[in-house]
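**Student:** Before we start, here is the structure in question, set down as structure tokens.
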Amino acid sequence: MRISKSQIRARTRDLPITFSGERISAHGGLEIVRRFFELIDLRALVRDRIRGLGPEGDYGFLRMVLAVLGLLIVGGARLTHLAFLGSDPVFLRFCGLHRLPADRTVVAWLKAFTPPALEALGEIIRDLVYEQIEWLGLRRVTLDLDGSVLRTGSHVEGAARGFNPHHPKDPSYYPLSVQVAQLGQILRIRNRPGNVHDSHNADGFLRIVVRELRERFGRKLKLELRMDGAFFHPEIFRFLDGELGQDVEYAVKVPMWKWLGLLPRIAEQKRWTRVDRYVDGFETMLRIDSPKWGRTERVVVYRKRVSHESRKNFQLDLYSPDDGHFEYSAVATNKSLQIAPLWHFMAGRGAHEKTYAELKQHFGFAAIPTNHQEANSAWQLLSVLALNLMRYFQITVGAKARRRTWKRTFDYVFQSMQTLRFELIQQPLRLVCPKGRPELRFAASAAARKRIEAAQHALERAA
């Protein structure tokens, strides 16, 4: 039976726009996130780590942290967006406040951060990741080390012109971070000026990360480290050879420097091992005789067939009209993986780039809220904390487990924050008091109701 057009189509006309003071929220799903924070006892963790270190003020350190986290979770990218949330009852419940701070108040609070307070905020991020490693019983952790460029204004403290390939004249920050690939979460991050190389003090950064992991989990937790060619540096290898890093499995891209002597070996190589229909590889023991190096590394060289001449790693002296065009890359490793699995393992580094993209697009990581270096570093830490908490939340409420592969990327299928906001966070809700008892009443579609109830039941089971 067909439905008539009059039953489908509706006529619309302009209606008067009015405003009311009803207690209605556009972010009803934030209540589910608040209950998750109670489940993991986030308030106690923040109080224990920050006690006596962080800026307090009239609002208190904890509530200011919750206000910034809530702003980032609902999609605010600027501190001025707090003004648009001032009467939202669910957001105020989330923060534990009757009124929200002004953006200038939050800026002043961020500027009051000291290095010990920043370190304590980093420890909160670290402890939450450790908690998940223990809860999930991970026996192996893959650490991805990489940096990212954040453009700043011309008068921002600590910023400098440097290695931004697209905007070389713009001052920037160059934060360095390490990600736990299985969880898709940042374990530690350090803000740096834009004129330093990726490898600058990276060995000291890794030394802190590995030492803290060993202090918490001992040698029973296997560690493997992935890095790009910027970290092919003698200081990194000296750390890996030392007592602290000697049992860390690593794989690092090898730059195509002529003095390494890889090009003649590639030109002489006759037999290549197939990885897939486009990629081949072979392995060799490479002796690096430079005084700073003095070591021999197992290096696997790959060539990838491309349809055109490539500017990246294309060596003219290796070109043969009969073979076509290839892009060449090499990986130095102490892992026992064969040629094909190692190629896929290194390809898994791309998950770190996806995490950076999520941070910049949906958690305000690329925003520079002040001209003060410590304040901007605090903002970066809060942005990372928000992303980690939301991925922790998804694991807790039943994110689907991914099939394990050689790539060693996320163990779970994470929704982007854009999807999570649409399906769960940004659901209309009204605060009502039937028979004098307050109640949160959602006005959601059947699919949204099912999503909200499933998350609520998952939190009840985890409690």
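The values are calculated or read from the model by the stated rules, or taken from the named source; none is laboratory data. Values in this document were obtained by computation on a predicted structure and should not be read as measured data. FYI the Cβ positions are ideal-geometry reconstructions off the backbone, even for glycines, and counts take in every protein chain you see. Keep in mind that these areas ignore ligands, DNA and RNA; they rest on the heavy atoms of the full protein, side chains included. Shrake-Rupley method; radii C 1.70, N 1.55, O 1.52, S 1.80 Å.
**Student:** Given (1) in contact (Cβ under 8 Å) with a residue 60 or more places away in the chain; (2) of a type in the set (Phe, Trp, Tyr); (3) open to solvent by 10 Å² or more (accessible area, probe 1.4 Å), where does TRP379 come up short, assuming only one miss?
**Tutor:** Condition not satisfied by TRP379: (3).
**Student:** Something else: Which of the residues spanning segment 65-101 are open to solvent by 20 Å² or more (accessible area, probe 1.4 Å), more than 18 Å from LEU431 (Cα to Cα) and touching a residue at least 60 places away in the same chain (Cβ under 8 Å)?
**Tutor:** The answer is GLY75, ALA77, ARG78.
**Student:** Can you say whether ASP198 is in a loop (DSSP other than H, G, I, E, B), open to solvent by 30 Å² or more (accessible area, probe 1.4 Å) and either in contact with a helix residue (DSSP H, G or I) (Cβ under 9 Å, 6 or more places away or on another chain) or more than 30 Å from VAL299 (Cα to Cα) (or both), as far as the supplied structure shows?
**Tutor:** Against the criterion (in a loop (DSSP other than H, G, I, E, B), open to solvent by 30 Å² or more (accessible area, probe 1.4 Å) and either in contact with a helix residue (DSSP H, G or I) (Cβ under 9 Å, 6 or more places away or on another chain) or more than 30 Å from VAL299 (Cα to Cα) (or both)), ASP198 does not qualify.
Okay, residues lined up against (1) open to solvent by less than 10 Å² (accessible area, probe 1.4 Å); (2) closer than 16 Å to TYR278 by Cα; (3) modelled with pLDDT under 90; (4) part of a loop (DSSP other than H, G, I, E, B):
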site: PHE314; (1), (2), (3), (4): no, yes, yes, yes
site: SER336; (1), (2), (3), (4): no, no, no, yes
site: PRO341; (1), (2), (3), (4): no, yes, no, no
site: PHE345; (1), (2), (3), (4): yes, no, no, no
site: LYS354; (1), (2), (3), (4): no, no, no, no
site: ALA357; (1), (2), (3), (4): no, no, no, no
site: ALA367; (1), (2), (3), (4): no, no, no, yes
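**Student:** For VAL384, state whether it is surrounded by 16 or more Cβ atoms within 10 Å (Cβ to Cβ), of a type in the set (A, V, I, L, M) and under 15 Å from the mean Cα position of the chain (by Cα).
**Tutor:** yes
**Student:** Determine whether ARG441 is in contact with a strand residue (DSSP E or B) (Cβ under 7 Å, 6 or more places away or on another chain), at pLDDT below 95, among the basic types (Lys, Arg) and under 28 Å from PRO255 (Cβ atoms).
**Tutor:** Here the answer is no, as ARG441 does not meet what is asked.
**Student:** Name the pairs: first residue in segment 30-43 and farther than 14 Å from VAL68 by Cβ and open to solvent by less than 10 Å² (accessible area, probe 1.4 Å), second residue in a helix (DSSP H, G or I) and of a type in the set (S, T, N, Q), Cβ to Cβ under 9 Å, at least 6 apart or on different chains?
**Tutor:** Between residues of segment 30-43 that are farther than 14 Å from VAL68 by Cβ and open to solvent by less than 10 Å² (accessible area, probe 1.4 Å) and residues that are in a helix (DSSP H, G or I) and of a type in the set (S, T, N, Q), the close pairs are ILE32/GLN456; PHE36/THR396.
**Student:** Could you please let me know if GLY261 is open to solvent by 10 Å² or more (accessible area, probe 1.4 Å), at positive phi and out of contact with any Pro (no Cβ under 9 Å at 6 or more places or on another chain)?
**Tutor:** So GLY261 fits the description; yes.
**Student:** If you don't mind, another one. I'm told GLU423 meets every condition in (1) within 25 Å of PRO175 (Cα to Cα); (2) open to solvent by 60 Å² or more (accessible area, probe 1.4 Å); (3) not in a loop (DSSP other than H, G, I, E, B) except one. Can you identify the failing condition by its number?
**Tutor:** Looking at each condition in turn, GLU423 falls short on (1).
**Student:** Now a separate question. One residue is enough: does segment 222-230 have a residue meeting the conditions without any contact (Cβ under 8 Å) to a residue 60 or more places away in the chain and surrounded by fewer than 18 Cβ atoms within 10 Å (Cβ to Cβ)?
**Tutor:** Within segment 222-230 (the criterion being without any contact (Cβ under 8 Å) to a residue 60 or more places away in the chain and surrounded by fewer than 18 Cβ atoms within 10 Å (Cβ to Cβ)), the answer is no, since none of the residues qualifies.
**Student:** Report, by residue number, each residue of segment 436-463 that is part of a loop (DSSP other than H, G, I, E, B) and exposed (fewer than 12 other Cβ atoms within 10 Å of the Cβ).
**Tutor:** Correct list: ARG437, PRO438, SER445, ALA463.
**Student:** Take the residues in segment 283-301 that are among the polar types (S, T, N, Q) and modelled with pLDDT of 90 or more; name whichever of them is most open to solvent (accessible area, probe 1.4 Å).
**Tutor:** THR296
**Student:** Which of the numbered conditions does ALA159 fail, given that it passes all the others? Conditions: (1) at pLDDT 95 or above; (2) open to solvent by 10 Å² or more (accessible area, probe 1.4 Å).
**Tutor:** Only one criterion is unmet by ALA159, namely (1).
**Student:** I would also like to ask the following. Which fully enclosed strands (runs of 3 or more DSSP E) of segment 209-305 have 1 or more residues being within 30 Å of LEU136 (Cβ to Cβ), touching a Lys or Arg at 6+ places or on another chain (Cβ under 9 Å) and not charged (D, E, K, R)?
**Tutor:** Of the strands (runs of 3 or more DSSP E) lying wholly inside segment 209-305, those with at least 1 residues that are within 30 Å of LEU136 (Cβ to Cβ), touching a Lys or Arg at 6+ places or on another chain (Cβ under 9 Å) and not charged (D, E, K, R) span 222-227, 249-253.
So that you can scan it fast, the table gives a plain yes or no per residue for (1) open to solvent by less than 20 Å² (accessible area, probe 1.4 Å); (2) more than 25 Å from VAL178 (Cα to Cα); (3) among the small types (Gly, Ala, Ser):
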position	(1), (2), (3)
ASN388	yes, no, no
ILE395	yes, no, no
TRP406	no, no, no
TYR412	no, no, no
MET417	yes, no, no
PRO434	no, yes, no
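**Student:** Residues of segment 167-181 being open to solvent by 10 Å² or more (accessible area, probe 1.4 Å) and at pLDDT 95 or above, which ones?
**Tutor:** Of everything in segment 167-181, nothing turns out to be open to solvent by 10 Å² or more (accessible area, probe 1.4 Å) and at pLDDT 95 or above.
**Student:** Could you tell me which numbered condition ARG192 fails, if it satisfies all but one of (1) open to solvent by 20 Å² or more (accessible area, probe 1.4 Å); (2) among the basic types (Lys, Arg); (3) within 30 Å of ASN371 (Cβ to Cβ)?
**Tutor:** (1)
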